[in-house]
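Read the structure below first, then the notes.
The values are calculated or read from the model by the stated rules, or taken from the named source; none is laboratory data. Just so it is clear, the structure is predicted and the values come from calculations on it, not from any experiment. Ideal geometry is used to build each Cβ from the backbone, glycine not excepted, and the neighbour counts take in all protein chains shown. Ligands, DNA and RNA are stripped out before the accessible areas are found, and what is left, the full protein with its side chains, is counted by its heavy atoms. Shrake-Rupley method; radii C 1.70, N 1.55, O 1.52, S 1.80 Å.
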Amino acid sequence: MFRFVMRFKTRVFVSVGVLLIFTTLSAVHLLKQFEAPEDLEDTNLGFDRRARFGPNNGRANTWNKQETYLLMSKGQISDERHQNDSGGNESQILKPPLPRPRRTEDGSKLKKRQPAWERGSSSKKAWDDQEIVGKGHPWQQFHLDISQDALYSEGALYMDDLLRDLASVRIVNTSMFQGGSQVKLDFRLADGNRAIVKPMRSPREFVYKYNNDEPFWLDQERHNAEIAAFHLDRLLGFRRVPPCSGRLINLTQEILLKSKDQELLNTFFWKDGNLCFIGKCAPWFCNEDHPICAQGHLMEVSMCQFLPSFGGGIPIFEMEYPWSQGVKESQVWKGKNICVDYLKDPVWTRGRFLLDLIEQGIFDFFIRNYDRHHFDMMRKYKRLGTVLFLDNGKGFGNPHVDDTTFLAPIYQCCKVRRSTYLHLKELTQLRLSDRMRSSMSHDPIAPVVTEDHLQAMDRRLETVLQTIEKCIHVHGDSQVLVETLDN
Ligand SMILES: Nc1ncnc2c1ncn2[C@@H]1O[C@H](COP(=O)(O)OP(=O)(O)OP(=O)(O)O)[C@@H](O)[C@H]1O
Ligand SMILES: [Mn+2]
């Protein structure tokens, strides 16, 4: 009897104990949902949650082409980014101010949220192996010259040498560059330098229209756009695009016979006497319908300077760009002035990046870049560094049509750096098209863009200035032309 009572008591204790543990866990779980985030800015700005460099990058095996096209035409996915967005089709900006419980990609809950500039910093060993170990080479001087305010200093003396080296130093190894949706190669040069390489895919004269037949997500990147973007950015005085040079490579000698990347080599084939490859990237770009072909053995490529990681990990972090031209994202800002709220919010007005984003809008209007869904900043400087203009391959597609909606950050915020406005005005004195032509004239693949694109630069400069001046007319010079948004 005594034993029976004891067993009964133990069972009651155990049951009550288990019940208590469950109740506590549920309470903690509920409380956590409303817990304030460590990095408030992070939440409000809609920092990107996708692991862009995750192992899913090559998902060609599971791809069903028709399915992808069907989904895209229905607007369910518009490109790789949208397909991966964890938030479904709503914009991050529209999300309620209360933080949601965060989850990892496999659905389990994250313990502690790191700021965006720390996330993923140690996830890619490959980013660590080109660090500054001297200052003899132009690329090393470039790495040392990177600052919080710009990728390189005004009038950097090593720049011509750096561009020349990118175009001529012997290539010692090549492989696929993982990350992003389109084909990119990773070149190692004999001087220790490293470049991100985009191959030529269509002739300079090809005009991508951006209509129902030529939707923005199917636009293949242009190697020459990366080069022209570097020169334009330098002339506009931003210095936020990494140096890029053109180069003519021998695909057989410099990749087929040199690369150790078997996955890449497996995609090589000959077509009509030209050496071609497919590469590994998003399945709607890397397939038999989109071969990348040399002329015989020769192929034009863009060689863009790799950024240093400054001590390990991916050198940059990215955040969602509020004025993205994505089909769904643009619905948010095309119908309403989203900047009114940003200008009242210290999270947005603190520091430099809202003014940088306004300049990014100007830059993307010039190059007509529909691919700016995110913006990049250097991990080293956290929120204090300049916004970078990386990935300009979809720019310079159509020189005949100007899309003023790229200027939404200007006409919605009606703020622009005074120094930028004055610099743009100065550029009208000596024609921007002439400066661009002359700046790019030494490139090995000059003429880098067609005359129509150069003429578009002059026309678009006028439109940018008119847009700023309209703001000045309404709000007054001192309200519009500012150097900082902090009060
Ligand atoms: N010069 C650089 N140095 C270091 N990393 C870079 C550089 N340029 C780009 N990256 C990184 O590589 C990623 C992929 O490059 P990029 O955006 O040009 O590729 P993409 O295929 O055009 O991408 P997407 O599909 O997003 O348009 C960038 O998001 C950035 O993180
Ligand atoms: Mn791109």
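Annotations
- Per the listing LEU355, LEU424, LEU390, LEU407, the residue uniquely in a loop (DSSP other than H, G, I, E, B) and aliphatic (A, V, I, L, M) is LEU390.
- Residue, surrounded by the most Cβ atoms within 10 Å (Cβ to Cβ), within the range 193-218, restricted to residues that are near ligand 1 (Cβ under 10 Å from one of its atoms) and among the charged types (D, E, K, R): LYS198
- Looking only at residues in the range 283-305 that are more than 16 Å from ligand 2 (Cβ to nearest atom) and in a loop (DSSP other than H, G, I, E, B), the one that is most open to solvent (accessible area, probe 1.4 Å) is GLU288.
- A search for C-beta distances below 7 Å between a residue of the range 277-298 that is under 14 Å from GLN220 (Cβ atoms) and any residue that is small (Gly, Ala, Ser) and surrounded by 20 or more Cβ atoms within 10 Å (Cβ to Cβ), counting only pairs 6+ apart in sequence or on different chains, returns CYS281/SER181; ALA282/SER181; PHE285/SER181; CYS286/GLY279; ILE292/GLY279.
- Here LYS280 passes the criteria (1) open to solvent by less than 80 Å² (accessible area, probe 1.4 Å); (2) outside any loop (DSSP other than H, G, I, E, B) except the one numbered (2).
- Residue within the range 470-487 that is free of Cβ contacts under 8 Å to residues at least 24 places away in the same chain and over 30 Å from LYS334 (Cα atoms) present: no
- Residue within the range 440-449 that is surrounded by fewer than 20 Cβ atoms within 10 Å (Cβ to Cβ), assigned to a helix (DSSP H, G or I), outside the structural domain of LEU232 (by TED's automatic domain parsing) and not hydroxyl-bearing (Ser, Thr, Tyr) present: no
- Condition check for ILE410 on (1) at pLDDT below 95; (2) under 22 Å from the mean Cα position of the chain (by Cα): one failure, at (1).
Let's see how each residue does on (1) open to solvent by 10 Å² or more (accessible area, probe 1.4 Å); (2) farther than 15 Å from PHE187 by Cα; (3) within 15 Å of ligand 2 (Cβ to nearest atom):
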site: ASN224; (1), (2), (3): yes, yes, yes
site: ASP233; (1), (2), (3): no, yes, no
site: GLY237; (1), (2), (3): yes, yes, no
site: CYS244; (1), (2), (3): no, no, yes
site: ASN250; (1), (2), (3): yes, no, no
site: LYS258; (1), (2), (3): yes, no, no
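- When HIS400 is tested against (1) under 30 Å from ARG204 (Cα atoms); (2) buried (at least 18 other Cβ atoms within 10 Å of the Cβ), exactly one condition is not met: (2).
- Cβ pairs under 9 Å, 6+ apart, first in the range 306-321 and free of Cβ contacts under 8 Å to residues at least 24 places away in the same chain and not assigned by TED's automatic domain parsing to the domain that holds GLY192, second among the polar types (S, T, N, Q) and part of a loop (DSSP other than H, G, I, E, B): none
- Of the residues in the range 143-162, none is in contact with a strand residue (DSSP E or B) (Cβ under 8 Å, 6 or more places away or on another chain), within 16 Å of ligand 2 (Cβ to nearest atom), in the same structural domain as ARG234 (by TED's automatic domain parsing) and at pLDDT 55 or above.
- Check on ARG417, within 30 Å of SER168 (Cα to Cα) and either open to solvent by 70 Å² or more (accessible area, probe 1.4 Å) or modelled with pLDDT of 95 or more (or both): no
- Residue match in the range 260-276 (condition: touching a Leu at 6+ places or on another chain (Cβ under 7 Å) and touching a residue at least 40 places away in the same chain (Cβ under 8 Å)): no
- Any hit, the range 346-359, residues being open to solvent by 10 Å² or more (accessible area, probe 1.4 Å) and within 16 Å of ligand 1 (Cβ to nearest atom): no
- Residue check, ALA456 more than 14 Å from ALA228 (Cα to Cα), part of a helix (DSSP H, G or I), among the small types (Gly, Ala, Ser) and not assigned by TED's automatic domain parsing to the domain that holds PHE230: no
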